[in-house]
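Working notes, beginning with the structure itself.
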Amino acid sequence: MTTSTAPIAARTATTATSKRALALPALLFLLIFIFPFVAGPHYVILMFSAMGYAIALLGLNLLFGYTGLLSLGHAMFLAIGAYTAGYMTSTRITNFELILLVAVAIGATVAVPIGLLCIRYVKIYFAMLTLAFSMLLYSFLFKFYHLTGGDEGIRIKVPSLTAWDLSGLDTLSVLTGPLYYYVFALLVLLTALMRCLTSSSLGLQLRAIRENQQKAEYLGVNVKRYRLVAFVIAAVYGVLGGVIIAIPVGLADPSIAYWVQSGNLIFMLLLGGYTNFLGPLLGAVVFIFFQDQLMSFTEYWRLTFGVILVMIVVFFPNGLMGAIDRRGWWST
Amino acid sequence: MVVNVTLLQAQNVRKLYGGFCALDDVTLSINDGEHVSIIGPNGAGKTTLVNVLTGLVRPTAGNVTFKGHNVVNLGAVRLARLGMARSFQLVNIFPQLSVGETIAVAAISHLRHGERFFSSTARNRPVWEIVERVAAIFGFSGKLDQPAKILSQGDKKLLDVASAFALSPEIILLDEPTSGVSTADKSTIMRVLVQAARQMGIKAIIQIEHDMDIVFGYSNRIIAVHNGRILADGSPASIRARADVMATIVGRQRDHA
Amino acid sequence: MLASANILVGGVFHAAVLFLVAAGLQIVFGVQKIVNLACGSFYALGAYFGISALAWAAALKVPAIAFIPILIGSGLLLAIVLGPSVERLLRLIYDRDEHFQILLTFALVLIFEDAIRLIWGAVPLQTINVYFAFGELRIASDLAIPNYNLIVIAAAALISVAFGWMLKRTRFGRIVRATAENKQMSEALCVDVSKVYMAVFTLGVALGTVGGALVVPAGAASIDMGVELIVDAFAVVIIGGLGSMPGALIGALIVGFVRSAAIWLYPEFELLAIYVIVITVLIVRPQGLLARTA
């Protein structure tokens, strides 16, 4: 038995919490924190959305970067979050925390049966199954007008906060003020939580499953169970992100579940770098601002994204974080 | 005194692949304290036998029980929990995981720490104690941080074996653990394996092996497989006395080498 | 009676087109082990290009009898133009993880969708009146089937038979099958695998574009049709098994009939019905009804 303090092999994991490695996320969080003080309202709202996407992507990357399951239908959970916000704010229960809680409950409940079916399959089958489920949701949201408002959707009013009296504030002030920082706190919390999960035995076992499913099983790792856990966690993060993203839009409509949305999520993830824990965060921020600028230039943004995605896939598979985090402090 | 407990039992196992009979009416039991070598020419059915014994392949007829449970129904995960581990003939690793992490996966399973979702693995002392111990036994002490994919072929093989050992199983099945390793290292590895087994309380070792020096030097029981059937099953001395086995299998081995 | 006959014909018609596209998917998967998510895009492109081709033909006062060959021809032309270049792009990631192939073909879906928007606009388009140009088959006093449906079904059947014959009887077909079985062996036997891959991929694209071209007179071309098709084609492949041609046929028939029945009886449940079947198949027999064990 050794007398060393930290075990050698654990060095890679603990290095990530060393001062230099913490600089990366700290910088990003600082930027987001001071943003409302330096940028105009239009951009602050964008950052608000970016935070929502970042949360959703953290979940998606648990599924893809860590577990090796590529979901082409993750947007379905964004939609569940958005519609929950819509339904609830149209009643008297407009409390933000409550909306989040209810959304999580619904998201998890939906994710379990869908996950149980989908995680039996890998790669293309998993991708297509998740795509199919999200398109199924889209179709349902679109067609059942009386339940879902059809393609008109459901309006989402600005939620109220328990700790803050928002009366008297107009929507813009709320979104660039109290609610913005509320969401920021949530983002930091959820990022820390995800970091905790990925550093735990769950993270290690998920990576083992990703690398070699058969061997993982023979080493006693319950592949099906952990895949399901990852799927449900990803769903919960997706639902939370969905609520946040939908609030500035003010509307929950079927297009949120459409495959293009799932594609955007994937694109953001690849852009930020799926092989890195911080990829989701960076990808969300860069994408949202890039999309905003791009849309003012051309209406053919899908084409642009498609081309960029091709470049990323072929030449820069590790995305932006692959270039930034060369020592791999935060790699998955 | 070693109690002759039967750990693993195969009854009338047949395995057909279409028209081809890979295993024909195989019955055997592996007991506590045995170090078994499974020998036979290529294509004789050795790997199929191990695959059936470990539940990877479902037999066409017959059954295999491990500590009383039918292995097919259990699946690899429950088998690992019950105390069965195996290594593979072809290199089977986690390419992006480090050596330490690979062994840690097994250690986590053994310690039943798999559900500790909120505590950092890096600070899990019991896990890393096992990792360091197993790594030391197998010579990986300086390589814990290295990603498995950059190891040499022989080291990868060894890592596969080491991680199986880290499960602290009761019975371990190894598919040609020393293949891909130079002759000088083979005996070192075998000594390591035997020592590891003793240290970790492994009750039985089953080894598919081509190297007859190792077979006769280390095992206390030899099962000779030919054309899907068990040609002979007994102590090294009794096998040496079987001219047919020596000619069919041992003879052929020399040709290969 | 009227409803069931319509369901029958509609179902077979839909199945015929679906089979063509699914066959394209299967052959590309069988040989190159790539699942082409952009198959729906090729289908949509085939539809739009077919509309343009017919518009051009009508302007030249080409007789109606030539419409079907024109549609098929336009599909083939499009495939020959697009297939090789897309294949060369995919070649860059052949040996990478399957996820990258999915992502790349997904990027293509995005690109092609905007390409359609750019060239033809976002509003759904219809062809000139081709559907009823061939008259109808009167079965009963209240039941008439447009001959177009029958012609397309026949055309699809013909193409399938030709395709099967090509695979089984021609030298090229043997080379394709050999390369599918064992790429390295084929290379060792001096088969130019990259040429085979290009040919096979283009063939797969062609089946998609021709399918789209043939189906468009019966409906309209819309931006969404590509993704709707991917979902259908996926259902076909799941039901029949990835890599199996006979499976694709059975899957196509099942999906075609279910779609057709749903449209006539319960339109809201159209998509749901397909998924119920897909999910049932996945639970009961995950490898598909007729999957190849490879």
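Readers should treat all values here as calculations from the given coordinates under stated rules, not as data from a laboratory. Worth saying up front: this structure is predicted, and the values here are computed from it rather than measured. Note that we place each Cβ from the backbone using ideal geometry, even for glycine, and neighbour counts take in every protein chain shown.
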field: Surface/4 of the Cα convex hull for region C:1-158, nm²
entry: 11.2 nm²
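Compute the Rg/Rh shape ratio of chain C: radius of gyration over Kirkwood radius, all on alpha-carbon atoms. Each step should come with its number before you reach the end.
Values: Rg = 18.9 Å, Rh = 19.5 Å.
For chain C, the value is 0.97.
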query: Rounded to the nearest 0.05, what FRET efficiency is calculated for residue A:18 and residue A:91 with R0 set to 60 Å and r the Cβ-Cβ distance?
result: 0.80
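Counting Lys and Arg as +1 and Asp and Glu as -1, each charge on the Cβ, what is the dipole of region A:19-324 about the Cα centre in debye, to the nearest 20?
Approximately 960 debye in magnitude.
Within 10 Å of each residue's Cβ, count the other Cβ atoms and sort C:28, A:104 from fewest upward. Please list the in-between numbers first.
Working: C:28 25, A:104 19.
Exposure proxy ranking, most exposed first: A:104, C:28.
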statement: Cβ density ranking, 10 Å radius, fewest first, applied to B:32, A:165 yields A:165, B:32
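If you average the sequence gap of Cα pairs under 8 Å that are 6 or more apart and divide by the length of chain A, what percent do you get for the contact order? Provide the component values of the computation, followed by the final result.
Numbers: 499 pairs, mean separation 109.9, N = 332.
This gives 33 percent for chain A.
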field: Partners for residue A:224 among lysines (Cα-Cα distance below 24 Å; same-chain residues under 8 apart left out)
entry: A:123, A:215
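Roughly what % of Cα-Cα distances in chain A sit above 26 Å, to the whole percent? Please list the in-between numbers first.
Values: 25977 of 54946 pairs.
That tail contains 47 percent of the Cα-Cα pairs.
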task: Just grab the label-to-label distance for residue C:88 and residue A:188, each label 7 Å out from Cα along the Cβ direction, in nm (one decimal).
output: 5.3 nm
message: Is the C-alpha gyration tensor of region A:56-168 telling us rounded, prolate or oblate? Criteria: a/c under 1.5 is rounded; beyond that, a/b larger than b/c is prolate, otherwise oblate.
response: oblate
message: For residue A:331, what residues show an amide H to amide H distance below 5 Å, using hydrogens built from the backbone and excluding near sequence neighbours?
response: A:277
- request: With a length cut of 20 Å (Cα positions projected on each helix's long axis) and a Kyte-Doolittle mean of at least 1.6, go through chain C and give me the DSSP H helices that pass.
  value: C:2-32, C:193-215, C:225-240, C:245-265, C:270-284
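Can you tell me the convex hull volume per residue for region B:6-256, based on C-alpha atoms, in Å³ to the nearest whole number?
Details: hull volume 32.2 nm³, N = 251.
So the per-residue Cα hull volume is 128 Å³.
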- prompt: For chain B, what relative contact order do you get, as a whole percent, if you take Cα pairs closer than 8 Å and at least 6 residues apart?
  reply: 26 percent
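Specify whether the C-alpha gyration tensor of the protein assembly as shown places it in the rounded, prolate or oblate class, a ≥ b ≥ c being the square roots of the eigenvalues: rounded for a/c under 1.5, otherwise prolate if a/b is larger than b/c and oblate if not. All intermediate terms of the calculation are to be shown ahead of the outcome.
Values: a/c = 2.20, a/b = 1.30, b/c = 1.69.
Here the protein assembly as shown falls in the oblate category.
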- request: Report, in whole Å, the centroid distance computed from the Cα atoms of region A:247-270 and region C:171-210.
  value: 38 Å
Pairwise FRET efficiency - residue A:213 versus residue C:125, Cβ, R0 = 60 Å, nearest 0.05: 0.85
- prompt: Which FRET efficiency value, to the nearest 0.05, is calculated for residue C:187 and residue B:198 with the Förster distance at 51 angstrom and r the Cβ-Cβ distance?
  reply: 0.55
statement: Along the dipole axis of region A:19-324 (charges at Cβ: +1 for Lys and Arg, -1 for Asp and Glu; origin at the Cα centre), the most positive-end residue among A:204, A:229, A:35 is A:204
Residue-wise HN-Hα coupling along region A:244-259, computed from phi with Karplus coefficients 6.51, -1.76, 1.60 (Hz; x: Gly, Pro): 5, 5, 6, 4, x, 5, x, 8, 10, 10, x, 4, 5, 8, 5, 4
- line: Other residues with Cβ under 14 Å from the Cβ of residue A:218 give, with Lys and Arg +1 and Asp and Glu -1, a net charge of 0
- request: Between the alpha-carbon centers of region C:1-37 and region B:68-96, tell me the distance in whole angstrom.
  value: 41 Å
- prompt: Separation between the residue C:61 and residue A:29 pseudo-spin-labels, each 7 Å from Cα along Cα→Cβ, expressed in nm?
  reply: 7.8 nm
message: Counting just the Cα atoms, what span does region A:209-320 cover along each of its three principal axes? Round to the nearest Å and put the largest first.
response: 54, 36, 22
query: Any idea how far apart residue A:101 and residue C:98 come out in nm if each label point goes 7 Å out from Cα toward Cβ?
result: 4.2 nm
Helix-only [θ]222 nm of chain C, DSSP H runs n ≥ 4, -39500 (n - 2.57) each, per residue, nearest 500: -25000 deg cm²/dmol
field: Cut-off under 5 Å, modelled amide H: who pairs with residue B:221 long-range
entry: B:35, B:37
task: Compute the relative contact order of chain C as a whole-number percentage, counting only Cα pairs closer than 8 Å that sit 6 or more residues apart in sequence.
output: 36 percent
